[in-house]
């Protein structure tokens, strides 16, 4: 998928210390961005809690249940969803520390099936991949990704493929991962 | 909100042991229903994991992280969301053990604000209330509920109000809380 008008999102190549993403996690940046969307009443998009299996709890006081044994579960859906301009939004976000490629093994097959299902039902579904080395975030449309994934040409997305098929997400101070700005252009909202 | 055609959902008043809801929780019934929607590719709607704050973890083996201290958090959103016929769906489900009324204190103010926000952004947003004593489930449109809540006439929904303004949800074996059937009628999907 390309921009209908052939334009690329404006990106800043020079960052000073106060606006650099360095040291911030992608999750923290997306949470900050979502909080600003919520505060400005632009969209309602939240990270889902981490799925866990609770085995033991302790009730030292009536109100304060303490979980004393629990385990992480493999997620059956993506981490983020919500609503924007009346559309259902669903995405997964991943940091990639390799300079050259993003391995498919970084995403659970459940999550790929989930993206496929919601996209077929009318969602705006995508991945956000942060290429940490380059300090750049890309939005990749789920259908574009799944078509390539299903073609089994490779076991990863090369950085070249990501630059060619993805859409760079601009950094702003209040919205360090301003993906809705990209969605407006890519999906024509 | 009333049915556009004035019809009420068909309900079974006689249930035999194998189809009775008795003893099953509303959450279990909604999960079973959502699994059937997913299996039949009707909709993609999931319960969000319970939000917790993790304080301590233990790594006895590399792969197996054990959470040894965690606490429940107050949820900032509702428990269920997803997509159906291209529409964003969002709801909270509550069991009510009183015969006469459903107290507003059963729902966190955060959750009411969340329902209000998603509804304004175009969601199909509602509550599902199970009146346990009567073994009946009702869908209540979020806007109808919030208008009444904001009017501060009372601190609860009377059972009479629920019957008058809510929409009874039919029980089916594969879909013990078949709320999408009601949504088709109430929201004209």
Legend entry - Average beta-carbon neighbours from other chains, 10 Å sphere, peptide A:110-123: 3
Inset, instruction - Once the label point is placed 7 Å from Cα along Cβ, list for residue B:58 the distances to the corresponding points in the other copies, in nm, shortest first. - result: 1.1
Legend entry - Förster radius 30 Å - calculated FRET efficiency between residue A:24 and residue A:105, Cβ distance, rounded to 0.05: 0.75
Inset, instruction - Among DSSP beta bridges whose residues both lie in chain A, state the antiparallel percentage, nearest 5. - result: 80 percent
Legend entry - Copy-to-copy label separations for residue A:152, where each label sits 7 Å from Cα toward Cβ, in nm and ascending: 6.5
Legend entry - Estimated translational D of chain B in µm²/s (Stokes, Kirkwood radius over Cα pairs; 25 °C; 0.890 mPa s): 137 µm²/s
Legend entry - Listed residues B:38, B:26, B:64, most fluctuating in chain B (Gaussian network, C-alpha, under 10 Å): B:64
Legend entry - Measure of compaction for the stretch B:88-189 (Cα Rg per 2.2 N^0.38 Å): 1.02
Inset, instruction - Taking a label point 7 Å out from Cα toward Cβ, give me the nm distances from residue B:185 to the same spot in the other copies, shortest first, one decimal. - result: 4.8
Legend entry - Inter-chain shielding of A:44-50 (mean C-beta neighbours from other protein chains, 10 Å cut-off): 6
Inset, instruction - Taking only Cα atoms and a 10 Å spring cutoff, compute GNM fluctuations for chain A and point out the largest among A:47, A:56, A:99. - result: A:56
Inset, instruction - List A:146, A:89 from most exposed to least, where exposure is judged by having the fewest other Cβ atoms within 10 Å. - result: A:146, A:89
Legend entry - Separation of alpha-carbon centers, the stretch A:49-74 and the stretch B:120-189, rounded to whole Å: 31 Å
Inset, instruction - Ratio to report: Rg/Rh of the stretch A:136-189, with Cα atoms as the point set and Rh obtained by the Kirkwood method; give two decimals. - result: 1.03
Legend entry - Solution diffusion estimate, µm²/s, Stokes-Einstein, the protein assembly as shown, Kirkwood Rh from C-alpha pairs, 10 °C, viscosity 1.306 mPa s: 70 µm²/s
Inset, instruction - Measure nothing fancy, just the Cα-based angle from helix B:109-120's long axis to the longest principal axis of chain B, in degrees from 0 to 90, nearest 10. - result: 60 degrees
Inset, instruction - Using only the Cα atoms of the stretch B:67-116, build the gyration tensor, take square roots of its eigenvalues as a ≥ b ≥ c, and label the shape rounded, prolate or oblate: rounded if a/c is under 1.5, else prolate if a/b is larger than b/c, else oblate. - result: oblate
Legend entry - For the stretch A:22-100, radius of gyration divided by Kirkwood radius, i.e. Rg to Rh on alpha-carbons: 1.09
Inset, instruction - Enter the mean number of other protein chain beta carbons within 10 Å of the beta carbon of each residue in A:87-95, as an integer. - result: 3
Inset, instruction - Calculate the spin-label point distance for residue B:185 paired with residue B:95, positioning each point 7 Å from the Cα along the beta-carbon direction, and give it in nanometres. - result: 2.5 nm
Inset, instruction - Using just the helices of the protein assembly as shown, give the 222 nm mean residue ellipticity in deg cm²/dmol: DSSP H runs with n ≥ 4 each add -39,500 (n - 2.57), and the total is spread over all residues, rounded to 500. - result: -8000 deg cm²/dmol
Legend entry - Beta bridge orientation in the protein assembly as shown: antiparallel %, DSSP, nearest 5: 80 percent
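Every read-out reported here was derived from the displayed coordinates using simple, explicitly stated rules and does not represent laboratory data. Please read all numbers here as calculations on a predicted model, not as lab measurements. Don't worry about glycine lacking a Cβ; one is built from the backbone with ideal geometry, like all the others, and counts go over all protein chains shown.
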